[in-house]
1. Take the Cα pairs of region A:91-183, get the Kirkwood Rh, then feed it into Stokes-Einstein at 10 °C and 1.306 mPa s and tell me D in µm²/s.
2. Which of A:K76/B:K49; B:K49/B:K302; B:K188/B:K218; A:K76/A:K255; A:K89/A:K255 have a Cα-Cα distance over 21 Å?
3. Using a simple charge model, +1 on the beta-carbon of Lys and Arg, -1 on the beta-carbon of Asp and Glu, nothing else, what dipole does region B:124-251 show about its Cα centre, in debye to the nearest 20?
4. Restricting to Cα pairs below 8 Å that are 6+ residues apart, what does the relative contact order work out to for chain A? Please round to a whole percent.
5. Gap in Å between the Cα centre of region B:135-164 and the Cα centre of region B:189-207?
6. With Cβ to Cβ distances under 14 Å as the rule, what net charge do the other residues near B:L297 carry (K, R +1; D, E -1)?
7. Report P(r) for chain B: all Cα-Cα distances, bin width 20 Å, range 0 to the bin holding the largest distance, values in whole percent.
8. Taking just the alpha-carbon atoms of region B:25-176, what radius of gyration and Dmax come out, in angstrom?
Amino acid sequence: MKRLLAIALNTFKEAVRDRVLYSILFFAVGMMVISLALQDITIGDQAKIVRSVAQGAIDFFGSLIAMFLGVSLVWKELERRTAYTVLSKPIPRWMFILGKYLGLMLTLVVEVGIMLAVYCLLMTIQQKFPPPVVFVSMAMLLLELMLLTAWATLFSTYSAPTTASFFTLAIFAIGHLADDIWLYGNKAQSEVIRELSHQLYWMLPNLEVFNLRPVAVHELPIPWTQVWSGALYGLGYTAAVLCCAMAVFHNRDLK
Amino acid sequence: MTYAIETHNLAKTYRSGFFLRPVVGLRSLSIHVEQGQIFGFIGPNGAGKTTTIKILMGLQSATGGTATIFGRDHTEAEARRRVGFLPERPYFYEHLTAREMLRFFGQLFDVPKDVRNRKAEELLERVDLKRWGDVPLRKYSKGMLQRVGLCQALIHDPDLLVLDEPMSGLDPVGRALVCDLILEERKKGRTVFFSSHILPDVQALSDEIAIVIKGELKGIGPLDKLVRHSSNYSDIVFSGDIPGEIPNAKPVREEPQGHVVRVAPEHVKDVVTFLYEKGAVVVQISPERVTLEDVFLSELEKSAAVDQKRMGILA
């Protein structure tokens, strides 16, 4: 357990000492601050638009950080050969992958936490302190990032960051279109396409189950059924993808 | 008795290229390293030294044979608990300082906090890097990284040190430091298994040596045993041209003073007489002892001759 924690904390330390991360965080905070100006140049429910843009910025930059760090998580270790020294210690391969993953998740929790704190500050100044639904929405965002990062980690165990980025981006896009795949299948004339669409729907992740942003922006009551089912789905799916990543890495020869 | 390292018919075949052509990296390597020994592992580039070490350290899987470390199967992560490893051209986390790195690696061996902090300071002092302890590793030179790499290999007081090319990239002072360290560790009863290209160092340090060429073990044992089949010789330097071959002498090189031929001790008198009779002037006669380098080069020549023969048969 202590060894797992050591790997996780080292990964976290590496991430927070990376200047690129600060640039992304800077842009995210900048975006949220700029969203305040939208109040003066939009018509309709101005407060909602500000909340929507600011929360959208957290979603977008959170996903960007997850993909940016996730796709090079293992690959960088192999390219720089830092994994050689770690794996020559009494560290099983699964522990290495899990430790790296947990370190990355810790980084994401801190990053999203910082963005959320900025959001709360801005909202308190301009509107009011955000209701609990916003925090639940952020927790759901973290579940989505957890799953996305697991996929990025899996791709990173056997492909270069460019390829892994492409795959992860595809998962991100498909994940948000999963419901459309199901609907497309229902409307298809061909039985084969219908079956294929439904199979794809069950195999690929559905990231929309974690999307509570509309509820949070409109400050509606918390949909607890969606929250609990989403949490179970996210945890189960993440565990399965991580197991695949561990299995792939277990059999990999380090050149 | 449990050996520190024991391999039996260890083999590794890589798959290379689009058609996954098999490439032999290691062929039936059987060695055993006794506890408390310094074991030198030599071979030219691509001989299979690093492959063997990577297999032992769990970084690559063997395609045949078995290997144990202190009696435990090398594939178990726990088999490496008593091992300190320095990889060839070590790369460490550049964002860490040397102190942070040593503490991190100490944690991976479950070394208690106070012990690893004390040990880190001792080791940095030992390799003369104490004042650099809080500088990020990205600012370190190659030699400094090699020294801090040795520290991480020793952070948990291992019973076995596995060092892949530990002298590579070091200046003479650094080399001397590594040699001293290896000898000190042996004095403490630890086993050292190291690969190197610097044959005089291997000869000076090792209790036992293994020569690997093209993935095959070509010789193993103490230096005395390895040189048993190669007798001592004398190099004779002479000036003047001798047409044709000189009986019982093998030309080895040209020097500013003249031609150099290698002669077995019992033929020195005959060769000198022959040269005198042909009008050559003998400039120098140097009796030489067979070195590890001679044995190594002779094995390389034999291997090349076998290859040529094989190619001839195929043609």
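Readers should treat all values here as calculations from the given coordinates under stated rules, not as data from a laboratory. Fair warning: this is a prediction, and the values are worked out from it, not measured in the lab. Glycine also receives a Cβ, built like all others from the backbone with ideal geometry; neighbour counts cover every protein chain displayed.
1. On the way: Rh = 15.4 Å.
Taking Rh from Cα pairs, D becomes 103 µm²/s.
2. Among A:K76/B:K49; B:K49/B:K302; B:K188/B:K218; A:K76/A:K255; A:K89/A:K255, the Cα-Cα distance tops 21 Å for A:K76/B:K49; B:K188/B:K218.
3. Result for region B:124-251 is approximately 380 debye, rounded to the nearest 20.
4. For chain A, the relative contact order is 26 percent.
5. That distance is 17 Å.
6. Overall, the nearby charge balance is 0.
7. For chain B, the binned pair fractions read 27, 47, 22, 3 percent.
8. For region B:25-176, the Cα-based Rg and Dmax read 16.0, 47 Å.
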